[in-house]
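Asks: The following block contains the structure, expressed as structure tokens.
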Amino acid sequence: MAIISVALAGRAYDVRIQRSLLDNLAQECGPMLRKKRVPIVTDVNVAAHWRDRVTLALTKAGFEPVWHVVSPGEGAKSWSGLEALTDWMLAEGVERGDHVIALGGGVVGDLTGFACAVLKRGCGFIQIPTTLLAQVDSSVGGKTAINTGAGKNLIGAFHQPALVLADLDVIDTLPTREMRAGYAEVIKYGILGDADFFAWLEQNGEAVVARDDVALEHAVATSVATKARIVAEDERETTGARALLNLGHTFGHALEAETGFSNQLLHGEAVALGMVLAARYSARRGELSASDAQRVADAITTAGLPSDVRQLNLSCDGQKMANHMLHDKKMDAGTLPFILLRGIGEAYLANDIELSDIAAFLDEQIT
Ligand code: GLY
């Protein structure tokens, strides 16, 4: 088992990565489960795959799981979804010292984490991420949120889990498209800060996407270790270190907005395209070699992810894309920070980018 500690003072927690963790859930959670009834939040799809296994693991250890099952998809991360969940937690008598289990992907983790951040001013929670994307990114680091009419993740809180259990068994049931979308966040760690890991992924990326046991565990553990280090250094994204994790996300967010946050483009696919755009824009500024920008695009293509915005057949121009960026939650006093590259493994935060230049660049990329 790989065990990675997120070393936050006074709130350090483990991310444990291994197969079959679900079967020993009670032992893995240990004293965090203080009461016989164990509150678990999940969605309909995850419940279909894993509810019986989790129920068996807990009941054989003398616990009684109680379930709050939400609809799959971003719609669950709403004010009404939060109200329903917190009402249920209150009815279940959840207290500050209790831990609610979030069993699911990013939506379940974000919603449950936020509910736990505000319930009685904060109760505990345990993340059991069931997608690759959630295992390597959203379950670690304490970003929790719901969506509103004004945009995604605009209402939220930093609230760290007490434990993350990344059971690699759950990855087996992921649809290939979701697997690839999660892999985009894996490559991200190489591109932003670890050239050796990127080179390893160039050789082994296809094995990771094909869920080869050894390759998958190495990829998840390396990704989580990088995320844990960055979160411990800059928990609340104030020093610039954590902002590097947004590599590809500003371009990607604009692409998601332009495609209506629809199934046409999954978040990880948008991040993949966004990383290629960030690399190509860095090359256009003369900061990254054209050959390294091409390596980024090639690694993404090899994983079966989109690497060329023309594949989306967008009918907008660069200015419209740049306009989407004006609504990005990272906007700060009129400037939008971009994560750019000086080399593979050398991402940096650029605060001097004019959106008009981004619009001109995107015009070149779209047409
Ligand atoms: N997904 C970006 C972060 O956790 O900071």
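The values are calculated or read from the model by the stated rules, or taken from the named source; none is laboratory data. Just so we're clear, the structure is a prediction, and the values are computed from it rather than from any experiment. Backbone-built Cβ (ideal geometry, glycine too); neighbour counts: all protein chains shown.
Asks: Out of (1) away from the ligand (no atom under 12 Å from the Cβ); (2) touching a helix residue (DSSP H, G or I) at 6+ places or on another chain (Cβ under 6 Å); (3) assigned to a helix (DSSP H, G or I); (4) hydrophobic (A, V, I, L, M, F, W, C), the odd one out for Val170 is which?
Replies: (2)
Asks: I'd like to know if segment 245-267 contains one or more residues that are closer than 23 Å to Val15 by Cβ, within 16 Å of the ligand (Cβ to nearest atom) and of a type in the set (Val, Ile, Thr). Give the steps one after another, and end with the answer.
Replies: Restricting attention to segment 245-267, the residues satisfying the condition of being closer than 23 Å to Val15 by Cβ are 245-249, 267.
Restricting the remaining residues to those that are within 16 Å of the ligand (Cβ to nearest atom) gives 245-249, 267.
Narrowing further to those that are of a type in the set (Val, Ile, Thr): none.
No.
Asks: Which of the residues spanning segment 263-288 are small (Gly, Ala, Ser), surrounded by 22 or more Cβ atoms within 10 Å (Cβ to Cβ) and farther than 16 Å from Ala184 by Cα? Show your work before the answer.
Replies: Residues of segment 263-288 that are small (Gly, Ala, Ser), as a first pass: 268, 270, 272, 274, 278-279, 282-283, 286.
Keeping just the survivors that are surrounded by 22 or more Cβ atoms within 10 Å (Cβ to Cβ) gives 268, 270, 272, 274, 278-279, 282.
Within segment 263-288, Ser282 is the sole residue that qualifies.
Asks: To continue, here is another question. Could you pull out the residue among Ala157, Ala117, Ala134 that is within 16 Å of the ligand (Cβ to nearest atom), outside any strand (DSSP E or B), surrounded by fewer than 23 Cβ atoms within 10 Å (Cβ to Cβ) and at pLDDT 95 or above? If you could, list the steps in order and put the result at the bottom.
Replies: Working: Ala157 fails: outside any strand (DSSP E or B); Ala134 fails: surrounded by fewer than 23 Cβ atoms within 10 Å (Cβ to Cβ).
The unique qualifying residue is Ala117.
Asks: Looking only at segment 197-218, decide whether some residue is more than 23 Å from Ile353 (Cβ to Cβ) and either in contact with a Phe, Trp or Tyr (Cβ under 6 Å, 6 or more places away or on another chain) or within 16 Å of the ligand (Cβ to nearest atom) (or both). Spell out the reasoning first.
Replies: The first filter runs over segment 197-218 and keeps only residues more than 23 Å from Ile353 (Cβ to Cβ), leaving 197-218.
Subset that is either in contact with a Phe, Trp or Tyr (Cβ under 6 Å, 6 or more places away or on another chain) or within 16 Å of the ligand (Cβ to nearest atom) (or both): 209.
Looking through segment 197-218, at least one residue is more than 23 Å from Ile353 (Cβ to Cβ) and either in contact with a Phe, Trp or Tyr (Cβ under 6 Å, 6 or more places away or on another chain) or within 16 Å of the ligand (Cβ to nearest atom) (or both).
Asks: Going through Ala283, Ala290, Ala299 one at a time, which residue ends up being modelled with pLDDT of 95 or more and under 18 Å from Gly205 (Cβ atoms)? Steps first, answer last, please.
Replies: Working: Ala283 fails: under 18 Å from Gly205 (Cβ atoms); Ala290 fails: under 18 Å from Gly205 (Cβ atoms).
That would be Ala299, the only listed residue that is modelled with pLDDT of 95 or more and under 18 Å from Gly205 (Cβ atoms).
Asks: Are there any helices (runs of 4 or more DSSP H) wholly within segment 189-292 with 3 or more residues that are within 26 Å of Ala150 (Cα to Cα) and in contact (Cβ under 8 Å) with a residue 60 or more places away in the chain, and if so which? Break it down stepwise before answering.
Replies: Numbers: elements: 195-209, 213-233, 249-258, 267-284.
Result: 249-258, 267-284.
Asks: Please verify whether Thr144 is among the β-branched types (Val, Ile, Thr), at negative phi and touching a Phe, Trp or Tyr at 6+ places or on another chain (Cβ under 9 Å), treating the condition exactly as stated.
Replies: Details: among the β-branched types (Val, Ile, Thr): yes; at negative phi: yes; touching a Phe, Trp or Tyr at 6+ places or on another chain (Cβ under 9 Å): yes.
Taking the combined requirement at face value, the residue satisfies it.
Asks: Next question, about the same structure. Among the numbered conditions (1) in a loop (DSSP other than H, G, I, E, B); (2) within 26 Å of Leu266 (Cβ to Cβ); (3) of a type outside the set (Phe, Trp, Tyr), tell me where Leu22 comes up short.
Replies: The single condition Leu22 does not satisfy is (1).
Asks: List every residue pair whose Cβ atoms lie under 8 Å apart, where the two residues are 6 or more positions apart in sequence or sit on different chains, the first residue falls within segment 3-15 and is touching a residue at least 24 places away in the same chain (Cβ under 8 Å), and the second residue, located anywhere, is part of a loop (DSSP other than H, G, I, E, B) and of a type in the set (Asp, Glu).
Replies: Leu8/Glu235
Asks: Restricting attention to segment 79-100, report how many residues are outside any helix (DSSP H, G or I) and in contact with a Ser or Thr (Cβ under 8 Å, 6 or more places away or on another chain).
Replies: The initial filter retains those residues of segment 79-100 that are outside any helix (DSSP H, G or I), namely 92-100.
Pick out the ones that are also in contact with a Ser or Thr (Cβ under 8 Å, 6 or more places away or on another chain) and you get 100.
Looking only at that region, the number is 1.
Asks: Can you tell me how many residues within segment 50-78 are in a helix (DSSP H, G or I) and under 21 Å from the mean Cα position of the chain (by Cα)? Even if it seems obvious, please write down each step before you answer.
Replies: Of all residues in segment 50-78, those in a helix (DSSP H, G or I) come to 50-59, 74-76.
With under 21 Å from the mean Cα position of the chain (by Cα) added as a condition, the list becomes 50, 74-76.
Result for segment 50-78: 4.
Asks: Quick test for you: out of Gln18, Gln27, pick the one residue that is more than 22 Å from Phe114 (Cα to Cα), touching a residue at least 12 places away in the same chain (Cβ under 8 Å) and surrounded by fewer than 17 Cβ atoms within 10 Å (Cβ to Cβ). Give the derivation first.
Replies: Working: Gln18 fails: surrounded by fewer than 17 Cβ atoms within 10 Å (Cβ to Cβ).
Answer to the check: Gln27.
Asks: Is at least one residue of segment 298-315 at negative phi, part of a strand (DSSP E or B), within 26 Å of the chain's Cα centre (by Cα) and of a type in the set (Gly, Ala, Ser)? Let's see the steps before the verdict.
Replies: At the first step, the residues of segment 298-315 found to be at negative phi are 298-303, 305-312, 314-315.
This time we only want the ones that are part of a strand (DSSP E or B), so: none.
Looking for residues that are at negative phi, part of a strand (DSSP E or B), within 26 Å of the chain's Cα centre (by Cα) and of a type in the set (Gly, Ala, Ser), one finds none in segment 298-315, hence no.
Asks: Can you pull out every residue in segment 30-73 that is surrounded by fewer than 18 Cβ atoms within 10 Å (Cβ to Cβ) and charged (D, E, K, R)?
Replies: Scanning segment 30-73 gives Arg34, Lys35, Lys36, Arg37, Arg51, Asp52, Arg53, Lys60, Glu64.
Asks: Could you tell me which numbered condition Asp172 fails, if it satisfies all but one of (1) surrounded by fewer than 17 Cβ atoms within 10 Å (Cβ to Cβ); (2) over 26 Å from Leu82 (Cα atoms); (3) modelled with pLDDT of 95 or more?
Replies: Here Asp172 clears every test but (3).
Asks: I've got another one for you. Restricting the search to segment 229-243, which residues are within 11 Å of the ligand (Cβ to nearest atom) and closer than 24 Å to Ile17 by Cα? Break it down stepwise before answering.
Replies: Kept after step one, since they are within 11 Å of the ligand (Cβ to nearest atom), are these residues of segment 229-243: 230-231, 234-237, 241-243.
Ile230, Val231, Asp234, Glu235, Arg242, listed by residue number.
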